[in-house]
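What follows is a set of notes on a single structure, which appears directly below.
The values are calculated or read from the model by the stated rules, or taken from the named source; none is laboratory data. These numbers come from a predicted model, not from an experiment. Backbone-built Cβ (ideal geometry, glycine too); neighbour counts: all protein chains shown. These accessible areas exclude ligands, DNA and RNA; they are computed on the full protein's heavy atoms, side chains included. Shrake-Rupley method; radii C 1.70, N 1.55, O 1.52, S 1.80 Å.
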Amino acid sequence: MKTLSPDLCVIGGGAGGLAVAAGAAQIGASVVLIEHGAMGGDCLNVGCVPSKSLLAAAKLAHQWRRGAELGIDYAPPVIDFAAIGDSVGRVIARLAPNDSIERFEGFGVTVLRSDAKFVDRHRVRAGDHEIAARRFVVATGSRPVAPPIPGLGELPYFTNETIFANRAPPRHLIVIGGGAVGIELAQAHRRLGAAVTVIDAGPLLPRDDPELVALLAERLADEGIMLHASSPIASVGRDGDDIVVQLASGVRVAGSLLLIAAGRDPSTDGLDLAAAGIDATVRGITVDSRLRTSNPRVFAIGDVAGGPQFTHVALYHAGIVIRNALFRLPTHVDYRALPWVTYSDPELAQVGMSEAAARDAHGDKIRVLRWNFADNDRAHTERDTVGMIKIVTLANGRILGAAILGSGAGDQIMAWALAISRRLKIGALANLVVPYPTRGEAGKRAAGSFYTPALFSPRTRRLVRLLAHFG
C-alpha cells in the first residue's frame, strides 16, 4: 500500500471535482484526484453536452420545416438518427481533452483511476494507494433513479446515462418524468421524427413559474407531444412489441421505447461515509453553509451534497471550497440569485423568488411585472413571439425574482441574476440603455412598467400643466 499525503484529495472527476482540483493545483496546493469512471462526469459524457448537442440538431430540423414561413421552401428534412448520434459523440470528443487525465497531470494533479473508500476520519483508500490528506472533497455527483412503478423492473428502459448511445430512431418514445431532462429530450426526439408522450405523477417543471410552464406546455402540445401531468402510473408492461404504461386514471399509453427521467439520487455507494464520521441522508451528504460535512476535514459539493442539482452549482461550490479549505476564509453558499434554465425551445429560465414564494414571504407587498415577446420587435423579425418575461419586486422596487420564457432566455436571465445578487432596484434595469432590436428590450420594458401607474397618473398630468405656466 502506497501512502500519499497531499493538501487536498478530491473524490470524483465531474465538473465540480475537476474545478476544485485544477484551481487548487494552480495556486500551489498538492492534489490527488480519484475517479473510477469517465473524466468529466455526467455533464460531459451523458448530460449537459450531449443533450444540448441533440437539441441543436432537433432545432435545425424544426427550423428547416418552418422555412416556408420566411419565404424559403425546403424539401422535408431527412433525419439520419445514427448520424446525429455520431455528431453528438464528436462534440463530446472535441471537449474531452479539457477534462482529460493528461491535462490535469499537467497541472500537477495526481490522478488515481480507482474507486474510493474512507478508512477512517483521516484516510481514504483508492486501489493500492492510501491518501492521508489535510482536507478531502467528495464530488461524486448523482445517478438517475427508477421510480417504484409495478412492472418497471421487468422492462428495458433508457436513462440519460444510456439514451445518447441509441442509434435507432424510436417510433414512439414514452418519457416518465416531466422535469428539465424529460422535457428537453422529449422535444428533441419529437422534432427528430418520433411520436412522444410525457408522463409525470406531479406537475411539469415544478420548480418553475406555473404561468410560464403552462405557456411552454401549449407550445410542446402544438408540436405534437402528448402531455400527461399530475397522472400517477398504475403499472407498466408489455403488449407484443409495445411497452404499455397504464395510468391510474385508466388511460393506456403504448410506445416502442421508454425513457426514465424521474429524478436522481446522490452517488455515495462504496464510500463508507460512516467510517469517516460523515452524516448523510437519502438526499445526500449533510453539509453546512460552508459545505463542510460532520467531519470538518471533509467537504462535499455538487449533487452529492443534496442541494440544487446543476452543473453550475457544482462549479460555484468549487470556489466556496477552495476559499474555505485552502485559504480558511469563512465563505458561505448563497442561492438567492441562483439561475437555472430548461433548454427547451423556447427556453425557460428562472432566478430568485417565484411569484408564489414572494407572496408567501411578503404577502401583498409585491409587484408583478410582465412583458410579452409578442410586443418585442426582435421577436417579430425572427417570427418567434412565444413567451414573456415576468419580474417580481417589492413595492419599493427591489427585485426579488425573474422568469423568462422565450428564445435565448438562458442568456437574458444573467442580467436579472446580477441585479438580484447586488440587491438592485427595478430602476437600474428600467434606465439601462439596451440595443435595438434585441430581446433584452422586453426586460427593460417590463422594468419600465413598474413606473407606468405613477407616470401616467392624473397627478403627473397636473404637474406637467403646472410647470408649463413657467415657460
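Among the numbered conditions (1) in a loop (DSSP other than H, G, I, E, B); (2) β-branched (Val, Ile, Thr); (3) without any contact (Cβ under 8 Å) to a residue 60 or more places away in the chain, the only one that Ile92 does not meet is (1). The set of residues in the stretch 285-294 being within 16 Å of Phe118 (Cβ to Cβ) and in contact (Cβ under 8 Å) with a residue 40 or more places away in the chain consists of Ile285, Thr293. Checked against (1) part of a helix (DSSP H, G or I); (2) closer than 30 Å to Val31 by Cβ, Asp334 passes all but a single condition, namely (1). No other residue among Arg370, Arg378, Arg383 is more than 23 Å from the chain's Cα centre (by Cα), under 24 Å from Pro435 (Cα atoms) and assigned to a strand (DSSP E or B) apart from Arg370.
Out of everything in the stretch 269-296 that is hydroxyl-bearing (Ser, Thr, Tyr) and surrounded by fewer than 18 Cβ atoms within 10 Å (Cβ to Cβ), what residue ends up being nearest to Arg125 (Cα to Cα)? Across the stretch 269-296, the extreme among qualifying residues is Ser294. Consider the stretch 49-85. How many of its residues are more than 24 Å from Glu347 (Cα to Cα), without any contact (Cβ under 8 Å) to a residue 12 or more places away in the chain and open to solvent by less than 80 Å² (accessible area, probe 1.4 Å)? Residues in the stretch 49-85 being more than 24 Å from Glu347 (Cα to Cα), without any contact (Cβ under 8 Å) to a residue 12 or more places away in the chain and open to solvent by less than 80 Å² (accessible area, probe 1.4 Å): 3 in total. Determine whether the stretch 297-311 contains at least one residue that is surrounded by fewer than 18 Cβ atoms within 10 Å (Cβ to Cβ), free of Cβ contacts under 8 Å to residues at least 40 places away in the same chain and touching a Phe, Trp or Tyr at 6+ places or on another chain (Cβ under 8 Å). Yes, the stretch 297-311 contains a residue that is surrounded by fewer than 18 Cβ atoms within 10 Å (Cβ to Cβ), free of Cβ contacts under 8 Å to residues at least 40 places away in the same chain and touching a Phe, Trp or Tyr at 6+ places or on another chain (Cβ under 8 Å).
Could you tell me whether His122 is at pLDDT 95 or above, over 21 Å from Val251 (Cα atoms) and in contact with a strand residue (DSSP E or B) (Cβ under 6 Å, 6 or more places away or on another chain)? Answer is no for this residue. Here the strands (runs of 3 or more DSSP E) wholly within the stretch 179-269 that include at least 2 residues being small (Gly, Ala, Ser) and out of contact with any Gly (no Cβ under 6 Å at 6 or more places or on another chain) are 252-255.
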